[in-house]
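What follows is a single structure, written as structure tokens, with notes after it.
Only the coordinates and a few stated rules stand behind these numbers; no lab work does. From a predicted model like this one, the values you see are computed outputs, not experimental measurements. Cβ coordinates were reconstructed from backbone atoms using ideal geometry, including for glycine residues, and neighbour counts include every protein chain displayed.
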């Protein structure tokens with residue numbers, strides 16, 4: 001008597017190497033986010049309002065060379081910052097919160113995926129999406145201005161293009177840690193998204209109030225810290241008597257402790273606490 005086939009077919013694919021599994025997480029995040037109509041709509045709207053108009057106007061106006069001050073004024077736009085924090089709030093809100101809610105974070109960490117690689121995967125996925133707004137359009141603007149300049153000094157323009165690349169990348173590096181921190185503190189993506197936006201918004205209000213006592217309090221605002229770092233990256237002089245030491249401290253406080261807290265939260269989940 002023969003055996004009946006059960007229809008089982010062996011999997012013929014290849015397992016991802018342990019050291020590269022964070023890339024799978026990042027790739028999954030990018031594909032998921034870019035399939036969201038809300039996110040695509042926000043990117044299109046923000047690109048038109050914040051980027052397209054300056055690209056057209058700055059390319060058409062007479063200019064000899066790409067100037068650092070032009071790029072700084074463009075990146076210090078309040079509208080640019082508002083769309084930045086809205087985008088970070090939407091992109092980061094569910095990255096860790098959904099895994100906590102479904103307990104899938106425990107499954108991730110039980111499959112030979114170390115906590116730091118899990119975090120790198122989430123961070124890299126968020127960075128890839130945020131940079132579509134903070135990095136790519138400013139680069140396009142700087143290249144468009146350089147391509148239409150009337151002067152011969154393309155070396156100076158190329159230097160500003162490099163500074164623009166660093167500034168656009170830095171914007172995402174600066175904002176993403178707060179978004180990931182908020183996502184790690186709750187299992188509800190709505191709370192994480194609103195919490196991220198309110199974190200940036202409330203600190204800006206508090207800084208505005210306290211700055212009446214001392215100008216140093218302006219650095220309590222993430223927006224002011226980001227704008228001042230633009231001045232440094234583009235080699236311009238800081239205005240308003242900004243204390244460089246306090247600026248460095250605030251850059252550290254707004255980036256390193258949030259990521260450290262996220263890592264701590266992931267470690268706790270990994271050991272089942």
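Here are a few things to note about the model shown:
- Linear extension gain, residue 98 paired with residue 20, 0.36 nm per residue minus alpha-carbon span: 25.9 nm
- Förster radius 30 Å - calculated FRET efficiency between residue 107 and residue 37 (Cβ-Cβ, nearest 0.05): 0.55
- Label point at residue 264 placed 7 Å out along Cα→Cβ; residues across the range 186-201 whose backbone nitrogen lies under 15 Å: 186
- Potential lengthening between residue 243 and residue 147 on full extension [0.36 nm per residue; Cα-Cα distance subtracted]: 30.9 nm
- Relative contact order (%) - criterion: Cα under 8 Å, at least six apart; region: the range 122-273: 24
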